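The values are calculated or read from the model by the stated rules, or taken from the named source; none is laboratory data. Here the structure is a predicted model, which is why all the values come from computation and not from measurement. Positions of Cβ are backbone-derived with ideal geometry, glycine not excepted, and every protein chain shown enters the neighbour counts.
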Amino acid sequence: MIQKELHLGKIKQIEDKNVQLWNPVHIIPNPDGSLRRITDSRTLNKEIITSKFKMEDIQSLLTLVEQEDWAFSINIKSTYNHIKVSNELQSQLAFTVGMKTYTHIELSFSISIATRIFSKILQPAKENSERRAK
């Protein structure tokens, strides 16, 4: 699993001296028998200042559909994996598996503000689509 995440560019190996915060990890089985790594970022989340925001829903995503579109598909399964995190945040997303230390280089679901970041990134695409529709 770790090798696959390294290959996909979701995580990278780092030196312990570059770690500001260690996060526990848990490996749990998926219903299909594959394994999933869960990062416990509660310590980091306690330090993050959160604010309320409007969560995008399916109705707002449908504004991206244009009148003459023949088909439209929304696949957000790996969307967070396309959002890179800063080097500063990477040092706070560290975890250990075996005797090696890794960090997320893409947005992690375990961060409390991940949903807000995703919504903010989606907003320009939505606004662009609305402008084209006018």
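How about the range 1-31: which of its residues are part of a strand (DSSP E or B), modelled with pLDDT under 90 and farther than 17 Å from Met99 by Cβ?
Within the range 1-31, His26, Ile28 meet the criteria.
The conditions are (1) modelled with pLDDT of 85 or more; (2) of a type in the set (Ser, Thr, Tyr); (3) within 17 Å of Phe109 (Cα to Cα); (4) loosely packed, with under 11 Cβ neighbours inside 10 Å, and Ser34 fails exactly one of them. Which is it?
Of (1) modelled with pLDDT of 85 or more; (2) of a type in the set (Ser, Thr, Tyr); (3) within 17 Å of Phe109 (Cα to Cα); (4) loosely packed, with under 11 Cβ neighbours inside 10 Å, only one is false for Ser34: (3).
List every residue pair whose Cβ atoms lie under 6 Å apart, where the two residues are 6 or more positions apart in sequence or sit on different chains, the first residue falls within the range 23-39 and is more than 18 Å from Gln3 (Cα to Cα), and the second residue, located anywhere, is small (Gly, Ala, Ser).
Asn23/Ser41
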